[in-house]
1. Looking only at region 38-48, decide whether some residue is more than 14 Å from the chain's Cα centre (by Cα), loosely packed, with under 15 Cβ neighbours inside 10 Å, within 14 Å of the ligand (Cβ to nearest atom) and over 12 Å from C93 (Cβ atoms).
2. Sort through V67, V22 and tell me the only one that's among the β-branched types (V, I, T), assigned to a strand (DSSP E or B) and more than 16 Å from the ligand (Cβ to nearest atom).
3. Collect the residues in region 49-61 that are surrounded by 14 or more Cβ atoms within 10 Å (Cβ to Cβ) and either more than 8 Å from the ligand (Cβ to nearest atom) or among the basic types (K, R) (or both), keeping them in residue-number order.
4. Output the number of residues of region 1-19 satisfying the condition of being assigned to a loop (DSSP other than H, G, I, E, B) and either under 20 Å from E71 (Cβ atoms) or among the basic types (K, R) (or both).
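Quick note: the coordinates plus some simple rules give every number you see, no bench work behind them. Everything numeric in this text was worked out from a predicted model, so none of it was measured. Quick reminder, even Gly has a Cβ in these numbers, built from the backbone with ideal geometry, and neighbours come from all protein chains shown.
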Amino acid sequence: DPGTLVITRPKPKTKRPNMYRVLLLNDDYTPMEFVVHVLERFFQKSREEATRVMLHVHHHGVGECGVYTYEVAETKVTQVMDFARKHQHPLQCVMEKK
Ligand code: NFA
């Protein structure tokens, strides 16, 4: 196609990654202290913040542990689910796109 010239603006190509919420779900059996420990160990929460999040999940059924890129969120979910299973607690951890 002789004579065709397309002039494009230079476009900065830094894209923000999709972000994912990691959530804990309430159940009737997992001890409160275990949930607090999970939040401290895998989500770097202080004891106070971990207790706040745990009580939110306990009262509302679901609560946010943190927001991460896909691979980090997936790793957190796997770590929590493996840890809960190892201790024979039914605690559920899931991720959802923001
Ligand atoms: N509901 C659980 C209990 O009463 C505590 C809990 C909180 C479980 C948050 C899971 C998530 N022992």
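1. Residues of region 38-48 that are more than 14 Å from the chain's Cα centre (by Cα), as a first pass: 46-48.
Going one step further and asking which of them are loosely packed, with under 15 Cβ neighbours inside 10 Å, we end up with 46-48.
With the extra rule that they be within 14 Å of the ligand (Cβ to nearest atom), the set shrinks to none.
Looking through region 38-48, none of the residues is more than 14 Å from the chain's Cα centre (by Cα), loosely packed, with under 15 Cβ neighbours inside 10 Å, within 14 Å of the ligand (Cβ to nearest atom) and over 12 Å from C93 (Cβ atoms).
2. Numbers: V22 fails: more than 16 Å from the ligand (Cβ to nearest atom).
On inspection, the qualifying residue turns out to be V67.
3. Within region 49-61, E49, A50, T51, R52, V53, H56 meet the criteria.
4. Taking region 1-19 first, the residues assigned to a loop (DSSP other than H, G, I, E, B) are 1-18.
Those still in the list that are either under 20 Å from E71 (Cβ atoms) or among the basic types (K, R) (or both) too: 9, 11, 13-18.
Residues that pass the stated criteria total 8.
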